[in-house]
Structure formats: structure tokens, C-alpha cells
1. Could you check the stretch 134-153 and list, in sequence order, the residues that are crowded, with 20+ Cβ neighbours inside 10 Å, over 14 Å from E193 (Cβ atoms) and at pLDDT 95 or above?
2. Confirm whether K142 is out of contact with any Gly (no Cβ under 6 Å at 6 or more places or on another chain), under 21 Å from A39 (Cα atoms) and outside any strand (DSSP E or B).
3. Considering the stretch 99-133 alone, what residues qualify as being surrounded by fewer than 19 Cβ atoms within 10 Å (Cβ to Cβ), part of a loop (DSSP other than H, G, I, E, B) and touching a residue at least 12 places away in the same chain (Cβ under 8 Å)?
4. Output the number of residues of the stretch 42-66 satisfying the condition of being in a loop (DSSP other than H, G, I, E, B), surrounded by 15 or more Cβ atoms within 10 Å (Cβ to Cβ) and either of a type in the set (D, E) or in contact with a helix residue (DSSP H, G or I) (Cβ under 9 Å, 6 or more places away or on another chain) (or both).
5. Which count do you get for residues in the stretch 67-98 that are modelled with pLDDT of 85 or more, assigned to a loop (DSSP other than H, G, I, E, B) and among the hydrophobic types (A, V, I, L, M, F, W, C)?
6. Just to verify a result, which residue in the stretch 91-141, among those that are hydroxyl-bearing (S, T, Y) and over 13 Å from the mean Cα position of the chain (by Cα), is farthest from W205 (Cα to Cα)?
Amino acid sequence: MRFITLTSAAIGVLLLLCSCQPKEKSTFDTPPDPYSLPAMDGDFLNVIVEIPAGTNHKIEFRNDSGFTNDTVAGGDPRVINFLPYPGNYGFVPSTLMDKERGGDGDPLDVLVLSESVPTGALIAVQPIGALLLRDRGEIDTKIIAVPRDSSLRVFTVDNYLDFALKQDAARQIIETWFLNYKGPNKTELLRWEDETYAWREVRKWQKR
């Protein structure tokens, strides 16, 4: 009999992905014009989900076509050739990382660590940190957040210190995922930052 030994990181990936199953009782609104929503909802951050946790299909929102599958050369749907997204991936409305100030020309990206929610869902979240990467020479900031709704959370953390101390394996999984989902050596890790930095990034890129 052969025994297969999984590393702690692999086990963590499996547990994180298995936990990202949608709850039937949860309902979410899809706003008619996601870009027009405010970035903040009181003490929380608004996020429009493009890519649900647990999928490897790249979905993006565009003003002219709504939520559509991103495509590669030739028109085929873009599929991430790696493990599926470890959280719900989307953007902060009313933000724009304009290129004139060193951004990538898109709204601020957010990875929400939670139960899987559908494309187009509007969800209020609490930032717990930020992952800074270099992608094709540009700084690429990913806000890491948890839902305001505690019933959607996959673990109990409220800030970066909690995250690093209580769920460091999950933090390392997220880091490893973003360093590999585009292929080896495509992105470079710069550093992690805390929730204060994450909020500062939101305010920096918020449309005036």
C-alpha cells in the first residue's frame, strides 16, 4: 500500500478551497452600475466580486459589456492554469489606480477570504492587509479582506496581526498562489502590509 504525504501547505489549500462553498441562505445584489458605487460603506469597504472563490476562469467587469470572461489571443476564454482562486476576487468601486501616478489603470483589486459568492455580488468587507507584488515592472497591490457578515467568514481575524499569528498558513498560501498563478517567475513579491496601509491605498486611489 502506498501512502501519500501532503505538506501542510497543500492541506491548507485543500481546506481553504473546500471551505469556499456558497451558503444557500445568502443573497447578494448586483448593482446596475458597479463603478458608480461609493468605495466605502461606513467603516467597511465595498467590493464588487468578479471571480468567485474556487474557480479558475478569469472574469472581468467592463462598462460596455458587463461581466464577461476575459479572453486570450484567438478569442478563447482565459483560464488560470493553476489552482483556482483561493478567495472571491473583485474590485473596489469608485477607485482607479491611474497610470499617471504609477498605477495599472484599473480599480483597486481585493481578495475576499470568505464563502464563495457569485459574480456581480456586492459585499461589504473589512481589510486585514495588503500584498504588494511587482507584475511586468508595475507595482500590483492586492487588498486582502474578510466579510463584514461573520456568517460568511472562513476564520476569525480582524486585522493583519491576527492574520499573521492565527492564520499564517493561509497567508502563505495566498502569497504562493499570487506568485504562481500566471506561471513561474512572472510576479515578484515586494512585501506584506497591514490594514492601515490597505485603507491608505483605498483613499489614495479613490476617485475625487
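The values are calculated or read from the model by the stated rules, or taken from the named source; none is laboratory data. A quick note: this is a predicted structure, and the numbers were derived from the prediction, not measured. Quick reminder, even Gly has a Cβ in these numbers, built from the backbone with ideal geometry, and neighbours come from all protein chains shown.
1. Result: V146, P147.
2. no
3. Scanning the stretch 99-133 gives G102, D104, D106, P118.
4. Taking the stretch 42-66 and keeping what is in a loop (DSSP other than H, G, I, E, B), we get 42-43, 52-56, 58, 63-65.
Of the ones still in play, those that are also surrounded by 15 or more Cβ atoms within 10 Å (Cβ to Cβ) are 52-55, 58.
Still in the running and either of a type in the set (D, E) or in contact with a helix residue (DSSP H, G or I) (Cβ under 9 Å, 6 or more places away or on another chain) (or both): 53-54.
Summing the residues that are in a loop (DSSP other than H, G, I, E, B), surrounded by 15 or more Cβ atoms within 10 Å (Cβ to Cβ) and either of a type in the set (D, E) or in contact with a helix residue (DSSP H, G or I) (Cβ under 9 Å, 6 or more places away or on another chain) (or both) in the stretch 42-66 gives 2.
5. 6
6. Here is the first cut: in the stretch 91-141, the ones hydroxyl-bearing (S, T, Y) are 94-95, 114, 116, 119, 141.
Next, only the ones that are over 13 Å from the mean Cα position of the chain (by Cα) stay: 94-95.
Working: S94: 8, T95: 5 Å.
Applying the filter and picking the extreme gives S94.
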